[in-house]
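Participant: Sharing a structure here in structure tokens format.
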Amino acid sequence: MTGHAWLTIGVISGCLMFLLVSAAAPELILFGTVVVLLIAGVLTPEQALGGFSNEGMITVALMYVVVSGIRETGGVDLLVQHVLGRPKTVRGALARLTIPVAAVSGFMNNTPLVAIFLPAVLTWAKRLQISPSKLLIPLSYSAVIGGTITLIGTSTNLIVNGLLVQAHRPALGLFDIAWVGIPCSLVGIAYMLAFAPRFLPERLPASAVFENPKEYTTEMVVEEGGPLVGKSVEEAGLRHLQGLYLVEIERGDEILPAVGPYERLNAGDRLVFAGVSDSVVELQRIRGLRPAGEHAFSLADRKHRERVLVEAVVSPQCSLVGRTIKQGRFRMVYGGSVIAVARNGQRLPGKIGEISLEPSDTLLLDVRPPFLERHRNSNDFLLISQVSDYLPVRHDRAWLAWLILGAVVMSATFEWLSMLKAALLGASAMLLSGCCSVLAARRSIDGQVLLAIAASFALGKALEITGAAGGIAQGFLGLAGDNPWLVLAYFYFLTVVLTELLSNNSVAVLMFPLALALSTRLGVSEWPFVIAVMIAASMGFSTPIGYQTNLMVYGPGGYRFGDFVRFGVPLNLIMGVVSVSVIPVIWPFHP
């Protein structure tokens, strides 16, 4: 290999290490790596910036807008209402959930799909008296698996298809990968139906006092001159709250634990409650109490300032990760107050302002309605769902949004239009019909993801033009031998391992040139390896960070890291066996 090839391998290896250990934003690390290769003369400016004009990346951006139209009109909400129903068993609930989610996931991005389903599933689980932890991992997994059914099911598929076009290979049709995606989906759903009821944990039973799987700590202050001053805990109505209990009273420097019913309340007392979000809503309606914190306000001032309660799951990219809520000046940065924090399904003791945030923590926020629009697609939060004062969506246009998506699918399926043109017309139709506003469309486009994808294209190009991909392929063959089936299996599982640790889109772009190099060295068709990249880069089941939807359900489900390992590793192995068995049959090594 040339000096540039070794330099490329070294720089990209360093990039991968930074992605694993650094808290910096992944897109900045990837783009910084591109800058290093550009300055070193490995890449020309055209090659470094070529990813921004790639057909696959542009199609991903347009599909964000199409899916935004479905979300803004409440299209999936209607589907949830008519499909979930009232099954009598956990297995029946899983069937009602996983099958439609996998089917819909084939036609819309996984992340907004899970964001829409998750609050509905939490409410549904409460009504069915089923622990949500039995349902939320299957929700994420079925969305991931279903994304492998069509070309538009996940951004990874569109990215690899864009790489094919860029490499002057034939583009894939909308349902070409369904030959692998459908068997994987059927086997994956069967696995979840068979083993989820028994092996997924039941963190909090539905019969427990806390009916929601998230237990919160909430601090309230007794207002000076308010109606509660001088009353006992029992007289104030704080003794038998539904889903809440008074843990302690902070009175100056004194802490009163195990508060009795006859303890008198003083002005300025800080009351620490443990409970759940629905009960916190009721708690704030009690006159004479206000949320703790400077300049906090209560529901009593609604006539002066409209506000809502929302739950938000902290993203690994959030600037507050590793800092306390007070240090991060949450109220100033986001215009809202944190009134409760949950982690792993349990309340966090101590003062709210002194809690150091971690990825997938669930926050109960007191905010004004504009917060929802500003941060619904923010990379600081994986999920934002409203607890109270639900703002209605345009359900009257849901049928039109689904019709537009159907037209995109039909146009691409029958090759009336290319995938790019179909997505462009679909996004335009969503905007012109009013299914999606320009503001919502702009916010639906994840700029950080697109920047990471564009940077990954440049890194993949560097591996290709320097001969580094060929050198890696030669070393890979030295380990796996010359048996195409065995090489494909090793290549597939290497891609899966990287997907569990890094962004699936970045992994797909980096593994694509290796797929071409391996097929060339073996003297076989490149298609089995290209399809393997598509499928394997979407199979992130074994860790919460393996796929973004896993992180979305991690906090609300009260899961532990080991839950994903125990339930996800067998599924990864099963999906690998199915994929490696089916791919060469549909795309032979020697056509």
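Participant: Using the beta-carbon distance between ASP482 and PHE52 and R0 = 30 Å, what value does 1/(1 + (r/R0)^6) give for FRET efficiency, to the nearest 0.05? Don't skip to the end; give the middle numbers.
Facilitator: Numbers: r = 39 Å, r/R0 = 1.29.
Efficiency computed from Cβ-Cβ geometry: 0.20.
Participant: Would you kindly state how much longer the chain becomes between ASP396 and LEU186 on full extension, computed as 0.36 nm times their sequence separation minus their alpha carbon distance, in nm to one decimal? Before the final figure, lay out each step's value.
Facilitator: On the way: separation 210, 0.36 × 210 = 75.60 nm, distance 3.35 nm.
That works out to 72.3 nm of additional length.
Participant: Please report GLU72, GLU354 as a ranked list, fewest other C-beta atoms within 10 angstrom at the top and most at the bottom. Kindly include the intermediate steps, with their values, before the conclusion.
Facilitator: On the way: GLU72 22, GLU354 11.
So the residues, fewest neighbours to most, are GLU354, GLU72.
Participant: OK, next. What FRET efficiency do you get for SER581 and PHE175 if R0 is 25 Å and r is their Cβ-Cβ distance, rounded to the nearest 0.05?
Facilitator: Values: r = 20 Å, r/R0 = 0.80.
That pair, SER581 with PHE175, gives E of 0.80.
Participant: Starting with the highest mean, order 260-268, 92-100 by the number of other Cβ atoms within 10 Å, averaged over the residues of each peptide. Can you show the working numbers first?
Facilitator: Values: 260-268: 14.2, 92-100: 20.4.
Ranked from most to least packed, the peptides come out as 92-100, 260-268.
Participant: Using a 10 Å cut-off around each Cβ, can you sort THR362, THR549 from fewest to most neighbouring Cβ atoms? Intermediate values should be presented prior to the final figure.
Facilitator: Working: THR362 26, THR549 30.
Least crowded to most crowded, the residues run THR362, THR549.
Participant: Another question, if that's okay. Rounded, prolate or oblate: which fits segment 473-591 when a ≥ b ≥ c are the square roots of the eigenvalues of the alpha-carbon gyration tensor, with rounded for a/c under 1.5 and prolate only if a/b beats b/c? Can you show the working numbers first?
Facilitator: On the way: a/c = 2.48, a/b = 2.15, b/c = 1.15.
Prolate, since a/c reaches 1.5 and a/b exceeds b/c.
Participant: Roughly what would the spin-label model give for ARG86 and ARG374, points 7 Å off Cα along C-beta, in nm?
Facilitator: Each label point lies 7 Å from its Cα, and together they span 4.2 nm.
Participant: How far, in nm, would the chain grow between MET17 and ARG521 when pulled straight, counting 0.36 nm per residue and subtracting the alpha carbon separation?
Facilitator: Numbers: separation 504, 0.36 × 504 = 181.44 nm, distance 2.80 nm.
Extending this stretch completely gives an extra 178.6 nm.
Values in this text are rule-based calculations from the coordinates and carry no lab data. Keep in mind that this is a model prediction, so the values were computed, not measured. A quick note on method: Cβ atoms are made from the backbone with ideal geometry, for glycine too, and the neighbour counts reach across all protein chains shown.
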